[in-house]
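Since the structure comes first, as structure tokens, the remarks are kept for the end.
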């Protein structure tokens, strides 16, 4: 299901904007600082209920204004969905088809959204938390039980860590709950990872990637032991360090070529092709489960991509993806193809160039 109408009010430098995007690729052209990334931010908020640029939504409000509003309408055959989000110093209100939403997971499941930014390479060469979030987002949309078991695990982990600091004797009370929920979280993640690994190789072929990395999954404890065994054997050390050292909260994904980390191979442009392959692999897996391709946002599309690689990605998106929103400051001839709907952003105003 794709957005057919998006309205944005008082979000950063976007004052009053309305766009009617295409179901396929939508390209936003403009100089740096014109508001292109803010358009993507608004769409991201519609799908996640939060920003990818700031931890506090109130900081997204335009200077001199008291609140911002984003509204999106989607249609799939006879079915219509409306999402509205208003945020002020008094708090944020989210409505789905006119009904108030209390859990952001409701709109996240309603509108799966992925974003690729110039910093997306961090999934390869920074800490494990960003890679865990990537996997968790995919499992969340594929396995509806995942949120239940993940929430159970996080609650038990929080209680166990608190006990390790305040009264270690009570920490073991939480071991059974941690093991039961943690094992289920791990099972769902591993099943998803196997599918991701297979699809990732297909996407590398589609994009004719020069780099052919292998991806591996670390469950969060030694592979030769069960989670229960690792938790039991590490208890004394956990008491000393006052936190739980093994478990799904320590899971990670590795990217290697041979024994060498992927980040040490190739150019930024070659690495970006791999990143696209990874995100498209995840999107295809989700599409196979919910029969709808996630909405894809790409900020600064042409950065670190030459004309050949840009064309490969655009062709792949045109052939296989659903609704895509791209931004660029480079009006290269490849980006004016007929299959792309063009918008121009300048000083916070958006003009539909197809009109």
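What follows draws every value from the coordinates through simple rules; no lab data is involved. Please read all numbers here as calculations on a predicted model, not as lab measurements. Glycine gets a Cβ as well: all are built from the backbone with ideal geometry, and neighbour counts include every protein chain shown.
In table form, for the structure just shown:
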read-out	value
Sites residue 318 and residue 79 - FRET efficiency at Förster radius 35 Å, r taken between beta-carbons, to 0.05	0.90
Dimensions (Å) - region 139-194, Cα atoms, principal axes, largest first	39, 15, 13
Length released on extending from residue 291 to residue 180, taking residue separation times 0.36 nm less the Cα-Cα span	36.8 nm
With Cα atoms, 0 to 90° folded angle of helix 146-166 axis to the chain main axis	50 degrees
Overall dimensions of region 1-68 as given by Cα atoms, namely Rg and Dmax in Å	12.0, 35
Distance (nanometres) between label positions extended 7 Å along Cα→Cβ at residue 53 and residue 214	4.1 nm
FRET efficiency for residue 241 and residue 125, using Cβ-Cβ distance with R0 set to 30 Å, rounded to 0.05	0.65
Rounded to 10°, Cα long-axis angle of helix 128-142 versus longest principal axis of the chain	80 degrees
Cα→Cβ-extended label distance, 7 Å offset, between residue 198 and residue 32, nm	4.4 nm
Net lengthening on full extension, residue 353/residue 232 (0.36 nm per residue, minus Cα-Cα)	37.2 nm
For region 119-274, radius of gyration divided by Kirkwood radius, i.e. Rg to Rh on alpha-carbons	1.04
Residue 339-residue 88 pseudo-label distance in nm [points 7 Å out on the Cα-to-Cβ vector]	4.5 nm
Using alpha-carbon coordinates, inclination of helix 268-290 to the longest axis of the chain, degrees	80 degrees
Percent RCO, i.e. relative contact order, over region 116-187, from Cα pairs under 8 Å lying at least 6 residues apart	25 percent
Gyration tensor verdict on region 37-151 (Cα atoms; rounded if a/c is under 1.5, prolate if a/b is larger than b/c, oblate otherwise)	oblate
Projected area averaged over orientations for the chain, convex hull of C-alpha atoms, nm²	19.7 nm²
